[in-house]
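The next block holds one structure in the form of structure tokens; read it before the comments.
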Amino acid sequence: MARKQESLTGKMDWLTIILYGVLVLFGWAVIYSSSYSGDEKSVFDSSINSGKQFQWIIASIILASIILIVDSRFYTTFSYAFYVLLMLFVVLVMFVGVEVKGQRNWIRIGGFQMQPSEMAKFAVSLAVAKFISGLNVDIRKWKDKWRVFAIIGIPVLIVLIQGDAGSAIVFVALALVLFREGLESYYLIIGASVTVLGVLALLVNKFILAGVLLAASLIVIYFSRRNKKLALIILGLWVVASGFVFSVDFAFKKMKPHQRDRINVLLGKEVENGKDWNIRQSIIAIGSGGFFGKGYLNGTQTKLKFVPEQSTDFIFSSIGEEFGFIGSAMLIIVFLGFFYRLLYLAERQRSKFSRVYGYCVASILFFHFLINVGMAIGVAPVIGIPLPFISYGGSSLLSFTVLLFIFIRLDTQRYDVMR
């Protein structure tokens, strides 16, 4: 048994584990700072966020240890079982869960609250890896393509019904993994075109935009008039694009007021007084930190509670204020090094299952990082997703830990024969 344990620890990627530990401990320190007002007794005080987070850190360490002990074949064998179980759990929480900020997607366990959609991320990642690594599966084929889209799409729809658009978008990030496994690049072109067209539809008069698209289409048709098939395709694309432009306006009006306000703030449109408070205060806090920052526990914006959700969604503003440009840049560098390491580990896998799962882990964590930092500096919509390993919250820390350490466990057996 001792020899087996020694063999396991020798195979673990300790650099990834060390980076994980550095991020978690730094996040714990910032959580304490973000709620610090001068009269807190201890970072371990369970009546404040840092004390609660410490309990979640201990729980995460225990859970990570269990994950590493379990044979990696357990995760490959029961991938679909995890997926079905977590999907049922996410649906069930809509009926038996507690309501937090208008959304019934939390469950209460003792004095703590958990969000099942967070834990579902590792289950969906396992299911995607299991399907793509199956025999004779080729996601360039329509039957396989739509099956993997369904695996990702089901949790997206369920979470959207719950009203949690942020978590739903995170699941969509798993689509990035498919391009590594052979999905045609024109899907990226379509996605980018839809995004640009959607933004323009909100910024420009829809009739003018449809007219400009028609003019551009007619110019292309004129120069390719000898190719009637191409002309018909261009005309068809214009009809689809124009329909999309008008549907964006319709969908935007059907959104909840706070969702419309967030999009308008991101696009630089005027909103009612106070609607952009979070972003403005976050930018002010980050800017006030200057190059070197005000120093740990010395953030005035933090102490005076100007930034809402400063230990969760906007924790990066506390980092920017207290550690300045230097500290923020160093944190970003650590994160980028962490993501690079995950991609390196994914590429060295001999098992297709492990490689795909590794890319799922990297995609989810990178998307969280990108959007959370973007929210804090005003270049991404405020959709309420945490900064991995840094933000306060037991659900997010546990889910990220499970997500990561399953991959670390898979990596320890990369030389074994398995799919």
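The values are calculated or read from the model by the stated rules, or taken from the named source; none is laboratory data. Predicted model, so just to flag it, every value in this text is computed and none were measured. Note: ideal-geometry Cβ built from the backbone for every residue, glycine included; neighbour counts use all protein chains shown.
The rows are residues; the columns are (1) assigned to a helix (DSSP H, G or I); (2) modelled with pLDDT of 85 or more; (3) assigned by TED's automatic domain parsing to the domain that holds residue 268.
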{"residue": "211", "(1), (2), (3)": "yes, yes, no"}
{"residue": "216", "(1), (2), (3)": "yes, yes, no"}
{"residue": "219", "(1), (2), (3)": "yes, yes, no"}
{"residue": "225", "(1), (2), (3)": "no, no, no"}
{"residue": "231", "(1), (2), (3)": "yes, no, no"}
{"residue": "242", "(1), (2), (3)": "yes, yes, no"}
{"residue": "250", "(1), (2), (3)": "yes, no, no"}
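Give me the pairs: first residue in the stretch 248-263 and more than 12 Å from residue 276 (Cα to Cα), second residue among the β-branched types (Val, Ile, Thr), beta-carbon distance under 8 Å, and six or more apart or on different chains, which are they?
Matching pairs, first to second residue: 252/263; 255/263.
Results for (1) touching an Asp or Glu at 6+ places or on another chain (Cβ under 7 Å); (2) buried (at least 23 other Cβ atoms within 10 Å of the Cβ); (3) at pLDDT below 95, shown as yes or no for each residue.
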{"site": "306", "(1), (2), (3)": "no, no, yes"}
{"site": "309", "(1), (2), (3)": "no, no, yes"}
{"site": "312", "(1), (2), (3)": "no, no, yes"}
{"site": "317", "(1), (2), (3)": "no, yes, yes"}
{"site": "322", "(1), (2), (3)": "no, yes, yes"}
{"site": "330", "(1), (2), (3)": "no, no, no"}
{"site": "336", "(1), (2), (3)": "no, no, no"}
{"site": "340", "(1), (2), (3)": "no, no, no"}
{"site": "348", "(1), (2), (3)": "no, no, yes"}
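Among the residues of the stretch 179-187, is there at least one that is surrounded by fewer than 18 Cβ atoms within 10 Å (Cβ to Cβ), part of a loop (DSSP other than H, G, I, E, B) and hydroxyl-bearing (Ser, Thr, Tyr)?
There is at least one residue in the stretch 179-187 that is surrounded by fewer than 18 Cβ atoms within 10 Å (Cβ to Cβ), part of a loop (DSSP other than H, G, I, E, B) and hydroxyl-bearing (Ser, Thr, Tyr).
I'd like the full set of residues that are among the aliphatic types (A, V, I, L, M) and touching a strand residue (DSSP E or B) at 6+ places or on another chain (Cβ under 9 Å), limited to the stretch 380-403.
Answer for the stretch 380-403, where residues must be among the aliphatic types (A, V, I, L, M) and touching a strand residue (DSSP E or B) at 6+ places or on another chain (Cβ under 9 Å): just 398.
Within the stretch 284-304, how many residues are in contact (Cβ under 8 Å) with a residue 60 or more places away in the chain, closer than 21 Å to residue 51 by Cα and not small (Gly, Ala, Ser)?
The qualifying residues number 4.
Select from the stretch 334-355 the residues that are part of a helix (DSSP H, G or I), touching a residue at least 40 places away in the same chain (Cβ under 8 Å) and out of contact with any helix residue (DSSP H, G or I) (no Cβ under 6 Å at 6 or more places or on another chain) and list them in ascending order.
Correct list: 334, 337, 352.
Okay, residues lined up against (1) modelled with pLDDT of 90 or more; (2) in contact with a strand residue (DSSP E or B) (Cβ under 9 Å, 6 or more places away or on another chain); (3) not assigned by TED's automatic domain parsing to the domain that holds residue 53:
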{"site": "102", "(1), (2), (3)": "no, no, no"}
{"site": "114", "(1), (2), (3)": "no, yes, no"}
{"site": "128", "(1), (2), (3)": "yes, no, no"}
{"site": "136", "(1), (2), (3)": "no, no, no"}
{"site": "152", "(1), (2), (3)": "yes, no, no"}
{"site": "157", "(1), (2), (3)": "yes, no, no"}
{"site": "160", "(1), (2), (3)": "no, no, no"}
{"site": "163", "(1), (2), (3)": "no, yes, no"}
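Step by step: first the residues of the stretch 380-407, then only those that are within 24 Å of residue 31 (Cβ to Cβ) and β-branched (Val, Ile, Thr), then the one that is surrounded by the most Cβ atoms within 10 Å (Cβ to Cβ). Which residue is that?
Here the residue is 390.
Which condition breaks for residue 165 when tested against (1) without any contact (Cβ under 8 Å) to a residue 12 or more places away in the chain; (2) within 29 Å of residue 52 (Cα to Cα); (3) not charged (D, E, K, R)?
(1)
Restricting to the stretch 382-419, name every residue that is β-branched (Val, Ile, Thr), over 18 Å from residue 173 (Cβ atoms) and assigned to a helix (DSSP H, G or I).
401, 408, 412
Go through the stretch 363-381 residue by residue and tally those that are assigned to a helix (DSSP H, G or I), among the small types (Gly, Ala, Ser) and in contact (Cβ under 8 Å) with a residue 12 or more places away in the chain.
So the count comes out to 2.
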